[in-house]
């Protein structure tokens with residue numbers, strides 16, 4: 001579970017205080033260019049650096065556009081607090097400096113640290129803190145004063161220590177602590193493998209409608225969604241009860257008989273649906289229908305991510321369908337921690353009860369880049385008591401909700 005996040009000087013974001021998240025559902029609303037997508041992207045930076053390293057994580061985001069263009073500071077600050085197992089919280093801090101020129105080679109990690117804490121006094125943490133500054137590793141084991149921490153000079157200063165576990169093994173004075181460091185780093189890597197992020201506006205509809213390459217036992221739809229058909233090929237036979245459940249979800253939206261896959265030649269997988277005994281290829285469907293098939297599969301798959309991010313799920317989907325989709329999202333948030341960025345009042349309406357009961361959080365962005373949790377004050381409670389839903393208030397731009405461009 002992602003518990004807290006802070007980021008400073010990242011694109012248009014300057015979050016000085018921790019954003020504290022709901023373990024079930026978190027919804028970002030606000031005008032265009034207010035930073036909703038940037039926040040989701042920044043939250044996923046840790047997951048990316050574990051997959052491809054710091055340099056490639058910066059490169060894919062375009063080095064020169066990462067620091068806030070209105071400031072002079074070129075240092076980016078991230079801080080995450082995650083819970084990777086019951087009673088154990090980890091806080092990871094990363095500071096990276098990006099120069100104005102020659103940034104591909106001259107960026108550096110100013111500082112990084114991983115700190116362990118427990119949520120109960122009875123549980124024992126694996127170590128206090130491990131950190132890196134300019135390639136110098138600092139390590140504080142349990143029950144050792146800070147001034148007795150160990151320091152080693154063996155790391156590559158431009159890469160995260162989390163990606164240099166093999167080098168840690170070769171550090172003579174650290175060998176006796178290596179097993180607990182290794183297990184902690186391994187748990188972090190495993191946890192982030194199950195973070196899934198879907199920026200719907202960046203996903204070409206052709207990726208969803210086209211054949212997928214027949215390749216391996218893929219359990220999750222990837223970020224580009226070009227393996228959708230292949231994942232269906234893996235999941236449907238493995239989980240026959242889910243296949244039936246998925247059809248039931250689809251029938252809440254359309255009179256579908258079923259959806260299935262076929263292998264085409266020796267290298268491709270194709271999806272099709274049956275409606276009233278007539279076959280339809282996905283490229284015959286409307287864009288909204290194809291996106292709905294994908295979203296329902298991602299949300300309801302028995303192979304569950306640890307954290308699920310969906311940016312603008314409403315794209316191409318009819319408002320009436322969005323209300324039903326919102327109910328599905330609401331139900332699935334009891335099984336997976338979900339983060340949504342949306343402009344849709346129709347998605348907000350069915351979330352009203354969850355938000356008012358504290359089972360979902362709404363974060364409101366303004367045009368100046370400020371972010372604040374929606375206040376469940378007496379004025380809002382009275383509106384809800386009088387029959388208003390959150391989407392109603394958002395639709396008319398009522399200041400009790402906010403998030404409008406003016």
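The values are calculated or read from the model by the stated rules, or taken from the named source; none is laboratory data. Fair warning: this is a prediction, and the values are worked out from it, not measured in the lab. Cβ atoms come from the backbone with ideal geometry, glycine included; neighbour counts cover every protein chain shown.
Some observations on this one:
- Single residue of 82, 109 found to be at pLDDT below 95 and either crowded, with 16+ Cβ neighbours inside 10 Å or under 30 Å from residue 355 (Cα atoms) (or both): 109
- Residue pairs whose Cβ atoms lie under 8 Å apart, sitting 6 or more positions apart in sequence or on different chains, and linking a residue in segment 185-202 that is without any contact (Cβ under 8 Å) to a residue 24 or more places away in the chain to a partner that is crowded, with 18+ Cβ neighbours inside 10 Å and part of a helix (DSSP H, G or I), are 185/162.
- For the residues 132, 164, the requirement of being assigned by TED's automatic domain parsing to the domain that holds residue 52 and in contact with a helix residue (DSSP H, G or I) (Cβ under 8 Å, 6 or more places away or on another chain) singles out 132.
- Scanning segment 11-51 for residues that are assigned to a strand (DSSP E or B) and modelled with pLDDT of 95 or more, we see that the one that is nearest to residue 336 (Cα to Cα) is 25.
- Selected residue (only one of 167, 114 is modelled with pLDDT of 80 or more and in contact with a strand residue (DSSP E or B) (Cβ under 8 Å, 6 or more places away or on another chain)): 114
One line per residue, one yes/no per condition, for (1) within 19 Å of the chain's Cα centre (by Cα); (2) touching a residue at least 40 places away in the same chain (Cβ under 8 Å):
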{"residue": "298", "(1), (2)": "yes, yes"}
{"residue": "310", "(1), (2)": "yes, yes"}
{"residue": "320", "(1), (2)": "no, no"}
{"residue": "326", "(1), (2)": "yes, no"}
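- Residue 159 within 17 Å of residue 115 (Cα to Cα), surrounded by fewer than 19 Cβ atoms within 10 Å (Cβ to Cβ) and either touching a residue at least 24 places away in the same chain (Cβ under 8 Å) or in contact with a strand residue (DSSP E or B) (Cβ under 7 Å, 6 or more places away or on another chain) (or both): no
- Single unsatisfied condition, residue 354 versus (1) modelled with pLDDT under 95; (2) assigned to a helix (DSSP H, G or I): (1)
- One residue alone among 26, 38 is in the same structural domain as residue 372 (by TED's automatic domain parsing), within 18 Å of the chain's Cα centre (by Cα) and buried (at least 16 other Cβ atoms within 10 Å of the Cβ), and that residue is 26.
- Test for residue 228: is it touching a helix residue (DSSP H, G or I) at 6+ places or on another chain (Cβ under 9 Å), within 25 Å of residue 50 (Cβ to Cβ), at pLDDT 95 or above and not assigned by TED's automatic domain parsing to the domain that holds residue 61: yes
- Residue check, residue 379 modelled with pLDDT of 95 or more and surrounded by fewer than 15 Cβ atoms within 10 Å (Cβ to Cβ): yes
- Between 397, 402, 369, 387, the distinction of being farther than 27 Å from residue 296 by Cα, at pLDDT 95 or above and not in a helix (DSSP H, G or I) belongs to 387 only.
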